[in-house]
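Each reported figure results from applying straightforward, stated rules to the coordinates on display, with no laboratory input. Being a predicted model, the structure only gives us computed values, none of them experimental. Reconstructed Cβ throughout: ideal geometry from the backbone, glycine too, with neighbour counts over all protein chains shown.
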Amino acid sequence: MNQNETVATTHQLTKVYGDRVAVDRVNLTVRRGEVYGFLGPNGAGKTTTLRMLLGLIRPTSGSASILGEPATGTRVGALIEGPGFYPYLSGRANLRVLARHRGFDDAEVERVLDRVDLVGRGEDRYKSYSLGMKQRLGVAAALMGDPELVVLDEPTNGLDPAGMADMRALVVDLARGGQTVLLSSHLLGEVQEICHRVGVINDGRLLRESTVAELRGGVSLRVRATPEAEALAVAMRVAGEDGVRREDGALLLTLPPTTAPEVVRQLIAADLDVHEITTAERSLEEVFFEMTAPGTSDSEIEKELS
């Protein structure tokens, strides 16, 4: 599997409704075998972008492709804006209706029911399903035909903690099995746990696309050691002059996570008295709110992430 292969891409993708720009020149790239988190507050343009990528609505300008072509039913599966099924049919019967429409047999229905752990509830009417079961049935429909790309729009929306955990586990399992998952969400905790790379969209504009680790930045290390002047010299030697500042009688170092142990070793080697060493990493949620705060400019975003 070539993990650098592009599975889905958009180029200057734009959608305008009247005088409102819903999606503004979005360029995103999803690579094979990854879980890509498409992040943004409600109304940011996530669903509109996904609908254009899937060919459900036409862009005003720009383009979108999946594996170099417009979206096709056999290469991509999707759950967009919640599942839609017949309430009085069973989960299994609903999937059989979709399977016949798409040219699949009953064996494929059983395969996807098993994939989302609904075989035992397959004969229950859809209207009796919990919200989590309804979401899982929607994912089962998206998995029919074993598509190379699975697009899930807010798959944990409205779920209780147990349902969210089940959905996260399913997404991780899909990626481990070799499928690529494009997951939109406004729940930053879940994305931080399961996504490899993310794209952050706000007011229709893609603000940043990078790995989760890059987006969160390095570790902040708080050091109190004496003599302070010698501690400062050690800290600047390891983190660089721009990576150290004084705050409340301590030194704050910004550096990659793997470098923190080296700071400790250097302080001890210099025979300094170390009174405190604590670490803190910014959560994805903290970075996200910094990026999407009202009035935040592009230059401020770059400064925060550098």
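Just a few scattered comments:
- When DSSP beta bridges are restricted to pairs lying wholly in the chain, around 65% turn out antiparallel.
- Taking one quarter of the surface of the C-alpha convex hull of the stretch 6-214 gives a mean projected area of 11.2 nm².
- The relative contact order of the stretch 128-213, computed from alpha carbon pairs under 8 Å that lie at least 6 residues apart in sequence, is 24 percent.
- Projecting the Cα positions of 93, 162, 64 onto the charge dipole of the chain (unit charges on Cβ atoms of Lys, Arg, Asp and Glu, taken about the Cα centre) puts 93 furthest along the positive direction.
- Kirkwood Rh, angstrom, the stretch 176-284 [1 / mean 1/r, Cα pairs]: 16.1
- Rounded to the nearest 500, the helix-only mean residue ellipticity at 222 nm of the chain stands at -10500 deg cm²/dmol, with each DSSP H run of n ≥ 4 adding -39,500 (n - 2.57).
- Exposed-loop-free span, longest in the chain, where GluC sites (Glu not before Pro) count as exposed if DSSP calls them loop and at most 14 other C-beta atoms lie within 10 Å: 124-306
- Label-point separation, residue 61 to residue 214 (7 Å along Cα→Cβ), nm: 2.7
- More than 17 Å apart - percent of Cα-Cα pairs taken over the stretch 218-281: 25
- Filtered chymotrypsin sites (Phe, Trp or Tyr not before Pro), the stretch 9-100: DSSP coil and at most 16 other beta carbons within 10 Å: 88
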